[in-house]
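Asks: One structure coming up, written as structure tokens, with questions to follow.
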Amino acid sequence: MLKGKVAVVTGGTRGIGFAIVKKYLENGAKVVLFGSRKETVDKALAALKNEDPSWEADGAYPDLSDPKKVEEAIEAVKEKFGRIDILVNNAGISDSTKVDNYEPGQFEKVIGLNVNSIFYAIQPTVKIMKEQGGGCIINTSSMVSISGQPGGVAYPTSKFAVNGLTLSLARELGPSNIRVNAVAPGITRTDMVAALPKEMIEPMAAAIPLRRIGEPEDVANAFVFLASDMASYVTGEVLSVDGAMRA
Ligand code: NAD
């Protein structure tokens, strides 16, 4: 479904991002995964090489809080692969702190990675996509971007912003043949979920109509669809992949 396309996936070393990287490679794309550290990027690339040596995967670890470093990393992808067809903004951190307990700077840290970094990656990529005549951007939102969540207010706040950015850029960039969508996963089996308190997860899991939490692959399938030509008339959409869970 993605033969010949070049993709960048941030937060691609583990969890949902790593599942997206694998599905993109399986579907014929060339993928550059961004991670936070050299060791984790190298480990992810080694695992991919081990699984299928013919997959074309590369990696980088720009500081996503530094717009200049992100721009350089995006330009390096264009330099090496000639184009960028798909940008997946997936890196993110969650939060469950009660409002009284927030430390100074903690709110800003979550917003910084989950919102500002997305903008830093989008800006140089849009320039490249406009020059080549189009592309697509997919942002990882969350089910809490619809319902909010009781605690960790920075996290749902950041994901509401992701939806706003997605809808607005879809409208701005449609005339340039750039589609912009988001995927809103429900509770999904990754390290991020493992870090949340049990008493937050168990009641939610019991209330899921499909009676299971999502697997990273469930979510990655939506990213394949949205990046493919099958979704050629889909833009400005926030696609829920949550088993109809409604918090
Ligand atoms: P994860 O913790 O397993 O992976 C997060 C990824 O983000 C990692 O690859 C990590 O390297 C990267 N990252 C984190 N901090 C970074 C930083 N400072 N700089 C660069 N990269 C950084 O999490 P996940 O569950 O796979 O989450 C991926 C995305 O899915 C996030 O945006 C998250 O908000 C969203 N999400 C997850 C769930 C869930 O239940 N797991 C639900 C809804 C949305």
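The values are calculated or read from the model by the stated rules, or taken from the named source; none is laboratory data. Because the structure is predicted, anything quoted here is derived from the model rather than measured. Don't worry about glycine lacking a Cβ; one is built from the backbone with ideal geometry, like all the others, and counts go over all protein chains shown. Side chains included, ligands, DNA and RNA excluded: accessible areas come from the protein's heavy atoms. Shrake-Rupley method; radii C 1.70, N 1.55, O 1.52, S 1.80 Å.
Asks: In the list VAL70, VAL31, which residue meets the criterion of being surrounded by 18 or more Cβ atoms within 10 Å (Cβ to Cβ), farther than 19 Å from ALA220 by Cα, at pLDDT 95 or above and under 19 Å from the mean Cα position of the chain (by Cα)?
Replies: Details: VAL31 fails: farther than 19 Å from ALA220 by Cα.
The unique qualifying residue is VAL70.
Asks: Restricting the search to the range 177-198, which residues are within 14 Å of the chain's Cα centre (by Cα), open to solvent by 20 Å² or more (accessible area, probe 1.4 Å) and of a type in the set (A, V, I, L, M, F, W, C)?
Replies: The answer is MET192, and nothing else.
Asks: Hey, another quick one. Condition (residue is open to solvent by 70 Å² or more (accessible area, probe 1.4 Å) and closer than 20 Å to PRO67 by Cα) applied to the range 95-104: is it met by at least one residue? I'd like the intermediate steps shown before the answer.
Replies: Step one: of the range 95-104, the residues open to solvent by 70 Å² or more (accessible area, probe 1.4 Å) are 98-101, 103-104.
Filter once more, so that each one left must be closer than 20 Å to PRO67 by Cα: none.
Checking the range 95-104: not a single residue is open to solvent by 70 Å² or more (accessible area, probe 1.4 Å) and closer than 20 Å to PRO67 by Cα.
Asks: How many residues are over 23 Å from LEU173 (Cβ atoms), open to solvent by 50 Å² or more (accessible area, probe 1.4 Å) and within 14 Å of the ligand (Cβ to nearest atom) if we restrict to the range 107-118?
Replies: Going through the range 107-118 one residue at a time, the tally reaches 2.
Asks: May I ask you to list the residues in the range 184-216 that are within 9 Å of the ligand (Cβ to nearest atom), free of Cβ contacts under 8 Å to residues at least 40 places away in the same chain and under 11 Å from GLY243 (Cα atoms)?
Replies: Answer for the range 184-216, where residues must be within 9 Å of the ligand (Cβ to nearest atom), free of Cβ contacts under 8 Å to residues at least 40 places away in the same chain and under 11 Å from GLY243 (Cα atoms): ILE213, GLY214.
Asks: Could you grab me the full set of residues in the range 28-38 that are away from the ligand (no atom under 11 Å from the Cβ) and farther than 25 Å from PHE225 by Cα? Walk me through it before giving the result.
Replies: Step one: filter the range 28-38 for residues away from the ligand (no atom under 11 Å from the Cβ), giving 28-32, 38.
Matches in the range 28-38: LYS38 only.
Asks: Read through the list (1) crowded, with 22+ Cβ neighbours inside 10 Å; (2) more than 13 Å from the ligand (Cβ to nearest atom); (3) under 17 Å from the mean Cα position of the chain (by Cα), then give the number of the only condition that LEU25 fails.
Replies: The single condition LEU25 does not satisfy is (1).
Asks: For LEU239, only one of the following conditions fails: (1) open to solvent by 40 Å² or more (accessible area, probe 1.4 Å); (2) closer than 17 Å to ILE86 by Cβ; (3) more than 14 Å from the ligand (Cβ to nearest atom). What is its number?
Replies: Against the list (1) open to solvent by 40 Å² or more (accessible area, probe 1.4 Å); (2) closer than 17 Å to ILE86 by Cβ; (3) more than 14 Å from the ligand (Cβ to nearest atom), LEU239 comes up short only on (3).
Asks: Of all the residues that make up the range 140-154, how many are more than 10 Å from the ligand (Cβ to nearest atom) and either among the aliphatic types (A, V, I, L, M) or closer than 9 Å to ALA184 by Cα (or both)?
Replies: Going through the range 140-154 one residue at a time, the tally reaches 3.
Asks: Would you mind stating whether ILE118 is among the hydrophobic types (A, V, I, L, M, F, W, C) and either more than 30 Å from MET1 (Cα to Cα) or part of a strand (DSSP E or B) (or both)? Break it down into steps so the answer makes sense when it comes.
Replies: On the way: among the hydrophobic types (A, V, I, L, M, F, W, C): yes; either more than 30 Å from MET1 (Cα to Cα) or part of a strand (DSSP E or B) (or both): no.
For ILE118, the condition - among the hydrophobic types (A, V, I, L, M, F, W, C) and either more than 30 Å from MET1 (Cα to Cα) or part of a strand (DSSP E or B) (or both) - is not met.
Asks: Another one. For the range 119-139, check the following and say yes or no: at least one residue is modelled with pLDDT of 95 or more, near the ligand (Cβ under 9 Å from one of its atoms) and closer than 23 Å to PRO197 by Cβ.
Replies: Among the residues of the range 119-139, not one is modelled with pLDDT of 95 or more, near the ligand (Cβ under 9 Å from one of its atoms) and closer than 23 Å to PRO197 by Cβ, which makes the answer no.
Asks: Inspect all residues belonging to the range 152-162 and state whether any of them is on the phi > 0 side of the Ramachandran plot and either surrounded by fewer than 14 Cβ atoms within 10 Å (Cβ to Cβ) or modelled with pLDDT of 95 or more (or both).
Replies: Yes, the range 152-162 has at least one match.
Asks: Continuing with the same structure: Regarding LEU48, is this residue surrounded by 13 or more Cβ atoms within 10 Å (Cβ to Cβ), of a type outside the set (Ser, Thr, Tyr) and either more than 18 Å from ALA121 (Cβ to Cβ) or in contact with a Cys (Cβ under 9 Å, 6 or more places away or on another chain) (or both)?
Replies: For LEU48, the condition - surrounded by 13 or more Cβ atoms within 10 Å (Cβ to Cβ), of a type outside the set (Ser, Thr, Tyr) and either more than 18 Å from ALA121 (Cβ to Cβ) or in contact with a Cys (Cβ under 9 Å, 6 or more places away or on another chain) (or both) - is met.
Asks: Among the residues in the range 229-236, are any more than 11 Å from the ligand (Cβ to nearest atom) and open to solvent by less than 30 Å² (accessible area, probe 1.4 Å)?
Replies: Within the range 229-236, one or more residues are more than 11 Å from the ligand (Cβ to nearest atom) and open to solvent by less than 30 Å² (accessible area, probe 1.4 Å).
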